[in-house]
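Asker: Have a look at this one before I ask anything.
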Amino acid sequence: MPEKLVRDQPGARIQAEGGQIRVALPHEMPVLLARKLVEEAQEVLAEIERAAKGTSVSEHISYWSNMIEELGDVETVLVHLRRVTRISHVSVRDRQVQKNNEAGGFDKRLVWIKDA
């Protein structure tokens, strides 16, 4: 299994249980965090796909709880990625607003059918 960035407390637990942990070099962090972002985004997708199959009230409640956790994980990774790249939240937000003004958002729910 390739290396994987882990949170501090699970990392300490893994190490205490005999697992191998190393401290990433500062220049490695953008790549490690980007990989973690992809991992967390895949977990969001998996949760949404799982919820699409569920119908019970308890499954619906579980879905919202899991989605809040997974989106929180995405936000945490983004905060750390901005920090290590020294890109401010304001800069990202300004660019987000500019792009939304230029290209729009996703409010119209348009889907490109590529092979039509």
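The rows are residues; the columns are (1) touching a Phe, Trp or Tyr at 6+ places or on another chain (Cβ under 6 Å); (2) over 30 Å from residue 90 (Cβ atoms); (3) aliphatic (A, V, I, L, M).
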residue	(1), (2), (3)
7	no, no, no
13	no, yes, no
19	no, yes, no
26	no, no, no
29	no, no, yes
41	no, no, yes
49	no, yes, no
69	no, no, no
76	no, no, no
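Asker: Pull up the range 4-34, narrow it to residues that are among the charged types (D, E, K, R) and closer than 24 Å to residue 65 by Cα, then point me to the one that is surrounded by the most Cβ atoms within 10 Å (Cβ to Cβ).
Answerer: By that ranking, first place goes to 7.
Asker: Would you be able to say whether some residue in the range 56-63 is of a type in the set (Phe, Trp, Tyr) and without any contact (Cβ under 8 Å) to a residue 12 or more places away in the chain? Spell out the reasoning first.
Answerer: Initially, the range 56-63 is screened for residues of a type in the set (Phe, Trp, Tyr), giving 63.
Filter once more, keeping what is without any contact (Cβ under 8 Å) to a residue 12 or more places away in the chain: none.
Checking the range 56-63: not a single residue is of a type in the set (Phe, Trp, Tyr) and without any contact (Cβ under 8 Å) to a residue 12 or more places away in the chain.
Asker: Pairs under 8 Å by beta carbon, first residue more than 21 Å from residue 73 (Cβ to Cβ) and aromatic (Phe, Trp, Tyr) in the range 1-27, partner modelled with pLDDT under 95 and not in a helix (DSSP H, G or I), six or more apart or different chains?
Answerer: Pairs found: none.
Asker: Using the structure shown, decide if residue 74 is in contact with an Asp or Glu (Cβ under 6 Å, 6 or more places away or on another chain), assigned to a helix (DSSP H, G or I) and of a type outside the set (D, E, K, R).
Answerer: Working: in contact with an Asp or Glu (Cβ under 6 Å, 6 or more places away or on another chain): yes; assigned to a helix (DSSP H, G or I): yes; of a type outside the set (D, E, K, R): yes.
So residue 74 fits the description; yes.
Asker: Consider only pairs whose beta carbons are under 6 Å apart and that are at least six residues apart or on different chains; among these, list those whose first residue lies in the range 69-84 and is at pLDDT 95 or above and whose second residue is part of a helix (DSSP H, G or I) and exposed (fewer than 14 other Cβ atoms within 10 Å of the Cβ).
Answerer: Hits for this filter: 84/30.
Asker: Right, here's the next one. Name every residue in the range 45-57 that is in a helix (DSSP H, G or I), surrounded by fewer than 12 Cβ atoms within 10 Å (Cβ to Cβ) and small (Gly, Ala, Ser), in order of residue number.
Answerer: Taking the range 45-57 and keeping what is in a helix (DSSP H, G or I), we get 45-53, 57.
Next, from what is left, pick out any that are surrounded by fewer than 12 Cβ atoms within 10 Å (Cβ to Cβ): 45, 49, 52-53, 57.
The one that is in a helix (DSSP H, G or I), surrounded by fewer than 12 Cβ atoms within 10 Å (Cβ to Cβ) and small (Gly, Ala, Ser): 52.
Asker: If we keep just the residues of the range 58-116 that are of a type in the set (A, V, I, L, M) and within 13 Å of the chain's Cα centre (by Cα), which is surrounded by the most Cβ atoms within 10 Å (Cβ to Cβ)? Spell out how you get there, then give the answer.
Answerer: In the first step, residues of the range 58-116 are kept if they are of a type in the set (A, V, I, L, M); the result is 61, 67-68, 71, 74, 77-79, 81, 84, 87, 90, 92, 97, 103, 110-111, 113, 116.
From what is left, the residues that are within 13 Å of the chain's Cα centre (by Cα) are 67-68, 71, 74, 77-79, 81.
Numbers: 67: 14, 68: 10, 71: 14, 74: 16, 77: 21, 78: 15, 79: 11, 81: 18.
The residue in question is 77.
The values are calculated or read from the model by the stated rules, or taken from the named source; none is laboratory data. Quantities reported herein were computed from a predicted structural model and do not represent experimental measurements. Reconstructed Cβ throughout: ideal geometry from the backbone, glycine too, with neighbour counts over all protein chains shown.
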